[in-house]
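See structure below.
The values are calculated or read from the model by the stated rules, or taken from the named source; none is laboratory data. Remember, it's a predicted structure, so these values are computed and weren't measured experimentally. Neighbour counts run over all protein chains shown; Cβ positions are idealised from the backbone, glycine included.
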Amino acid sequence: MPTQWTRHTFTLNNGQEMPAIGLGTWCGRACGDEARNAVRTALVAGYRHIDTAQAYHNETEVGDGIKLSGVPRESLFLSTKIHNLNHKRVAESMEESLQKLQTDYVDLVLMHWPVSIELTEQNQPVVCKDWNFTDTWRDMEKLVETGKARSIGVANFGIRNLEILLASARIVPAVGLLELHPHCPSTKLVGFCQNKGIHVAAYAPVGSINSPLTEDETVRAIADAHGRTVQQILLVWGLKRGTSVIPISTADSRIRSNFDLDGVDLMDEETNKLSSLPDRFKVWKTWWSRTVFSSDEEG
């Protein structure tokens, strides 16, 4: 029986179903018609999970794309993220997001980073010294109580910060969003989340634009053997790990190709080869991200 990845969902720790494949809408902060058309194309192609963020500055266009697709809101899994600048104003920023997205609720809202930032008088970002991400989580828990978010989760959290969060959280994160691909497998971190009942979602699951993974001989050989693209093989690798995958693209053909995964499977030997690639790189590096992860978590 062919694997029906396009219909596959993962059950979160609160019983909510999350589609296995989603469309990420960052892509260089795609705005305007580019973001609007990408969302519409994805939904028409069959995607039912759309991922955005306050930091992407395209929630309005994402909402427009959903409307243009004609797909009913109740058929979608819609997620957004709290901006680092909005940790002290979770409720207010959520209302702004809902207005832009043209919806009464989101299926999932994530804390984008475990770092609260404010701007100096010179408009320079600095880490808030009087605020902890556990305070942010407390306010996010209220979003569930008010029905503004059906699930809450975190993004870019390492084990140390997850342990701090879990020590005081009333609601265990439903999802942990991480950069995950064979050159950044984060095996220890993924295992920690799964043991705690936190579903892991992968961003940058194929690396990035001009990713070294697309030229890796092992990856290309497996793709050629299956008559599939490198990107499709990398996405299935992520799915077989038990993680949902959220590839990013604004190109119509790539959006459809990334969703065309039904019937694609990997033998254990192939999966192990991809999991054993020795090279390491991260797509997303910022001055604050270097304080979040330890090297052993990303191995």
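In segment 186-197 there is no residue matching the filter, namely being more than 22 Å from L12 (Cα to Cα), not in a helix (DSSP H, G or I) and not β-branched (V, I, T).
Read through the list (1) in a loop (DSSP other than H, G, I, E, B); (2) out of contact with any strand residue (DSSP E or B) (no Cβ under 8 Å at 6 or more places or on another chain); (3) under 17 Å from R280 (Cβ atoms); (4) of a type in the set (V, I, T), then give the number of the only condition that V172 fails. Going through (1) in a loop (DSSP other than H, G, I, E, B); (2) out of contact with any strand residue (DSSP E or B) (no Cβ under 8 Å at 6 or more places or on another chain); (3) under 17 Å from R280 (Cβ atoms); (4) of a type in the set (V, I, T) one by one, V172 breaks only (3). Which residues, taken from segment 79-88, are part of a helix (DSSP H, G or I) and either small (G, A, S) or touching a residue at least 60 places away in the same chain (Cβ under 8 Å) (or both)? Within segment 79-88, just N84 meets the criteria.
The numbered conditions (1) surrounded by fewer than 24 Cβ atoms within 10 Å (Cβ to Cβ); (2) at pLDDT 95 or above are all true for K81 except (1). Residues of segment 31-64 that are on the phi > 0 side of the Ramachandran plot and in contact with a helix residue (DSSP H, G or I) (Cβ under 8 Å, 6 or more places away or on another chain): G32, G46. Taken over segment 98-127, residues that are among the acidic types (D, E) and crowded, with 17+ Cβ neighbours inside 10 Å amount to 1.
Condition check ((1) in a loop (DSSP other than H, G, I, E, B); (2) basic (K, R); (3) surrounded by fewer than 19 Cβ atoms within 10 Å (Cβ to Cβ)) across all residues:
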site	(1), (2), (3)
V90	no, no, no
E96	no, no, yes
K129	yes, yes, yes
N161	no, no, no
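Scanning segment 121-136 for residues that are closer than 15 Å to H83 by Cβ and within 21 Å of the chain's Cα centre (by Cα) yields F133, T136.
Remark: pairs (first residue in segment 101-130, touching a residue at least 60 places away in the same chain (Cβ under 8 Å) and among the hydrophobic types (A, V, I, L, M, F, W, C); second residue surrounded by fewer than 22 Cβ atoms within 10 Å (Cβ to Cβ) and not in a strand (DSSP E or B); Cβ separation under 6 Å; 6+ apart in sequence or on different chains) = V115/W288; I117/L85. Scan segment 123-179 residue by residue and report those that are among the polar types (S, T, N, Q), touching a helix residue (DSSP H, G or I) at 6+ places or on another chain (Cβ under 9 Å) and farther than 21 Å from D51 by Cα. N132, T134, T146, N161, S168, listed by residue number. Residue-level check: of (1) touching a strand residue (DSSP E or B) at 6+ places or on another chain (Cβ under 6 Å); (2) of a type in the set (V, I, T); (3) not in a strand (DSSP E or B), V109 misses just (3). Among the residues of segment 137-159, the ones that are in a strand (DSSP E or B) and more than 19 Å from the chain's Cα centre (by Cα) come to 0 in all.
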